[in-house]
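Q: Quick one: this structure, given as structure tokens, is what I'll be asking you about.
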Amino acid sequence: MTGRIFLIITLLSSFSRNTIAQEMGFPIPTGNSKQLFYLQRSTNKNTLVYELNYNNGNLDKEDPLHVYWIRYQEDSQKEELNFIQKTFAYGIKTKNIAENQYELCFVAYKKFKMYIRLGADKKFHLYTSINQKKAELTSIFLKINGGAFWTPNIEYVDIYGLDPISRSVVKERMKI
């Protein structure tokens, strides 16, 4: 009986990890030990990856995050953000707040705060608030419904993460 319950719980938790993007057939970037989270948009399957930026084996204190595209629509090629994307849209502003601790926010939405911290496991993790609780950010999905280049109509933002203690999936839908 307990084996059956474990199987049901395992199946339900794997279903709850599915994001809207996965349900729409979007790929999930994997195999990158430096990846902190990724961002996808409803407009196409190209994905932004946010990873730790190391310099000589240490986290770069001046620029701790590297952001780039995986162009799934173009043979899954990696591509750096251009100046406009980095400066006005998907770039990240960082501030060193203590030894091995950084505060981050998107250049386009400064209200959403994220924090890189060195954990007890001697690895860096990215935390944010999801449903008013501390969580490890894993992915963000933007539902865009029209608009213009400089002012897209963002219908909602889904934020996914993991509870740092229970490792259960947490999700919040934000209207911006």
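Q: Restricting the search to the stretch 105-130, which residues are out of contact with any helix residue (DSSP H, G or I) (no Cβ under 7 Å at 6 or more places or on another chain) and within 25 Å of residue 151 (Cβ to Cβ)?
A: Taking the stretch 105-130 first, the residues out of contact with any helix residue (DSSP H, G or I) (no Cβ under 7 Å at 6 or more places or on another chain) are 105-106, 109-130.
The answer is 105, 106, 109, 110, 111, 112, 113, 114, 128.
Q: Report those strands (runs of 3 or more DSSP E) wholly inside the stretch 23-97 carrying at least 2 residues which are polar (S, T, N, Q) and either without any contact (Cβ under 8 Å) to a residue 40 or more places away in the chain or over 20 Å from residue 110 (Cβ atoms) (or both).
A: By residue number, 35-41, 44-52.
Q: Which count do you get for residues in the stretch 141-175 that are surrounded by 11 or more Cβ atoms within 10 Å (Cβ to Cβ) and assigned to a loop (DSSP other than H, G, I, E, B)?
A: The total comes to 3.
Q: Answer yes or no as to whether residue 19 is at pLDDT below 90, surrounded by 14 or more Cβ atoms within 10 Å (Cβ to Cβ) and within 15 Å of the chain's Cα centre (by Cα).
A: Taking the combined requirement at face value, the residue satisfies it.
Q: Restricting to the stretch 112-143, name every residue that is of a type in the set (A, V, I, L, M, F, W, C) and at pLDDT below 95.
A: 118, 120 - these are the residues of the stretch 112-143 that are of a type in the set (A, V, I, L, M, F, W, C) and at pLDDT below 95.
Q: While we're here: From the list 143, 113, pick out the single residue that is out of contact with any Phe, Trp or Tyr (no Cβ under 7 Å at 6 or more places or on another chain) and basic (Lys, Arg). Please lay out each step first, then the result.
A: Working: 143 fails: out of contact with any Phe, Trp or Tyr (no Cβ under 7 Å at 6 or more places or on another chain).
Checking each option against the conditions leaves just 113.
Q: Okay, moving on. Considering 102, 109, 90, which residue is under 18 Å from residue 137 (Cα atoms), of a type in the set (Phe, Trp, Tyr) and surrounded by fewer than 13 Cβ atoms within 10 Å (Cβ to Cβ)? Before you say what the answer is, go through the steps one by one.
A: Numbers: 102 fails: surrounded by fewer than 13 Cβ atoms within 10 Å (Cβ to Cβ); 90 fails: surrounded by fewer than 13 Cβ atoms within 10 Å (Cβ to Cβ).
109 is the lone residue from the list that is under 18 Å from residue 137 (Cα atoms), of a type in the set (Phe, Trp, Tyr) and surrounded by fewer than 13 Cβ atoms within 10 Å (Cβ to Cβ).
Q: Quick test of your reading of the structure: residue 122 fulfils all but one of (1) exposed (fewer than 14 other Cβ atoms within 10 Å of the Cβ); (2) of a type in the set (Lys, Arg); (3) touching a strand residue (DSSP E or B) at 6+ places or on another chain (Cβ under 9 Å). Name the failing condition by number.
A: (3)
Q: Here's another thing I want to ask about it. Which members of the stretch 29-78 meet the condition of being farther than 22 Å from residue 123 by Cα, touching a helix residue (DSSP H, G or I) at 6+ places or on another chain (Cβ under 8 Å) and not polar (S, T, N, Q)?
A: 45
Q: For the stretch 85-109, which positions are more than 16 Å from residue 39 (Cβ to Cβ) and either of a type outside the set (Asp, Glu) or at pLDDT 95 or above (or both)? Before the answer, list the steps.
A: At the first step, the residues of the stretch 85-109 found to be more than 16 Å from residue 39 (Cβ to Cβ) are 87, 94-103.
Listed by number, the residues that qualify are 87, 94, 95, 96, 97, 98, 100, 101, 102, 103.
The values are calculated or read from the model by the stated rules, or taken from the named source; none is laboratory data. Small disclaimer: the values here were computed from a predicted structure and weren't measured. Positions of Cβ are generated from backbone atoms using ideal geometry, with glycine treated the same way; all protein chains shown enter the neighbour counts.
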